[in-house]
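Chemist: What follows is a single structure, and I will ask about it in a moment.
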Amino acid sequence: MKLLKSKGQHILINKRYLHKMIKYAELNFDDVVLEVGCGTGRLTRLLLKSVEKVYGIEIDERMVKYLQRRFEHEIKSGRFILIHGDALKVEFPEFDKFIASIPYQISSPLTFKLLKHNFKLAVVTYQKEFAERLIAKPGSKKYGRLSVVARAYCRAEVLDTIPPTAFRPRPKVESAIVRIIPKPEIEVKNLDIFEDLVRFAFSQRRKMFGKIVEGWCEEKGVKVEISDELKKKRPEEIPPEVYAEIADSVEV
């Protein structure tokens, strides 16, 4: 079966890293697992050896037919429930843990969708550059909207770097295994306002934060006071908790 790079089909084939993903997930047999982008089922097979029930979402009809043949017994017994569809559009089932080597072009929207779902733990293979943005600290070049918003939902850590040789076909970049625990690093009362402020700020990275807040307040019809020190900084220099404080100061 020809794998399509245009669909992000880089299959993790290295057993060492597949087994590491299982180890990092700290699976119990009664866990219900969701996997997005099952591909040829290499990770799926290990998951089915470790837990009682696995949900898989796969968009490629060719892969779906292959998985139906490969896991015919598990599908008939109800241990593997295969969903043919777009993971960004289908409703997620109820699950405990999310374990997946995902198509990299949907990393951002899929991660935001995941973070707004109830789960215990996630172990995800991302493009290394995306993983670095996810955990980036204020003041670094990788720090941005993703870095800030993620802290309102979870704690994330990079556990391993995976070389291109571990995949077929080989991607041009390194990958990383990331563990996500849904325990917020910062407290935010109004997530909608917080996310809107962060989105607005990082869409104007070259402006000073004072001008950004002024423009955002004008757009929203609200009033916010910030210090002169903050006004002179740029969005990438502002810690997540400051974005949270500003958002929570807005009366709704």
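The values are calculated or read from the model by the stated rules, or taken from the named source; none is laboratory data. For clarity, every value in this text was computed on a predicted model and none was experimentally measured. Here the Cβ positions follow ideal geometry from the backbone for every residue, glycine too, while neighbour counts run over all protein chains shown. Only protein heavy atoms, including side chains, enter the accessible area calculation; ligands, DNA and RNA are left aside. Shrake-Rupley method; radii C 1.70, N 1.55, O 1.52, S 1.80 Å.
Chemist: Any idea of residue 222's accessible area? Nearest 10 Å², probe 1.4 Å.
Modeler: For residue 222, the solvent-accessible surface is approximately 40 Å².
Chemist: What does the accessible area per residue of region 18-173 come to in Å², with a 1.4 Å probe and no ligands, DNA or RNA counted? If you can, show how the numbers build up before the last one.
Modeler: Numbers: 7180 Å² over 156 residues.
Result: 46 Å² of accessible area for each residue.
Chemist: Among the lysines, which have Cα under 24 Å from the Cα of residue 223 when same-chain residues fewer than 8 positions away are ignored?
Modeler: Here the lysines satisfying the reach criterion relative to residue 223 are 189, 207, 211, 231, 232, 233.
Chemist: Of the accessible area of region 7-162, with the probe set at 1.4 angstrom, what percent is carbon plus sulfur? Please list the in-between numbers first.
Modeler: On the way: 3410 of 7080 Å².
The computed percentage sits at 48.
Chemist: Now a separate question. Compute the angle between helix 191-202 and the longest alpha-carbon principal axis of the chain, please, reported from 0 to 90 degrees and rounded to the nearest 10.
Modeler: Compared with the principal axis, the helix lies near 80 degrees.
Chemist: Taking only Cα atoms and a 10 Å spring cutoff, compute GNM fluctuations for the chain and point out the largest among 128, 76, 142.
Modeler: In this elastic network of the chain, the residue with the biggest mean-square fluctuation among 128, 76, 142 is 76.
Chemist: Right, something else. How high is the FRET efficiency from residue 16 to residue 186, r the C-beta distance, R0 41 Å, rounded to 0.05? List each step's numbers first, then the result.
Modeler: Working: r = 35 Å, r/R0 = 0.86.
Once the sixth-power term is evaluated, E becomes 0.70.
Chemist: Also, quick follow-up: For residue 140, what accessible area in Å² do you get when you roll a 1.4 Å probe over the heavy atoms of the protein chains, rounding to the nearest 10?
Modeler: 40 Å²
Chemist: Report the rotationally averaged projected area of region 37-182 based on its alpha-carbon convex hull, in square nanometres. Numbers along the way, then the final one.
Modeler: On the way: hull surface 35.5 nm².
For region 37-182, the mean projected area of the Cα convex hull comes to 8.9 nm².
Chemist: Over all directions, average the projected area of the Cα convex hull of region 183-237 and note it in nm². All intermediate terms of the calculation are to be shown ahead of the outcome.
Modeler: Numbers: hull surface 17.0 nm².
Mean orientational projected area (region 183-237, Cα hull): 4.2 nm².
Chemist: While we're here: Roughly what angle does helix 15-25 make with the longest principal axis of the chain, taking Cα atoms, 0 to 90 degrees, to the nearest 10?
Modeler: Rounded to the nearest ten degrees, it is 60.
Chemist: Return one number: the angle in degrees, 0 to 90 and rounded to the nearest 10, between the long axis of the Cα atoms of helix 240-249 and the longest principal axis of the Cα atoms of the chain.
Modeler: Its long axis makes an angle of about 60 degrees.
Chemist: According to a simple spin-label model (label point 7 Å from Cα along Cα-to-Cβ), what is the distance in nm between residue 65 and residue 94?
Modeler: The two pseudo-label positions are separated by 3.5 nm.
Chemist: While we're looking at this one, here's another question. Considering only DSSP beta bridges whose two residues both sit in the chain, what percent are antiparallel, to the nearest 5? Present the calculation step by step, with values, prior to reporting the outcome.
Modeler: Details: 15 of 32 bridges.
Antiparallel bridges: around 45 percent, rounded to the nearest 5.
Chemist: Along its three principal axes, how long is the chain when you only count alpha carbons? Whole Å, largest extent first please.
Modeler: Result, largest extent first: 64, 36, 30 Å.
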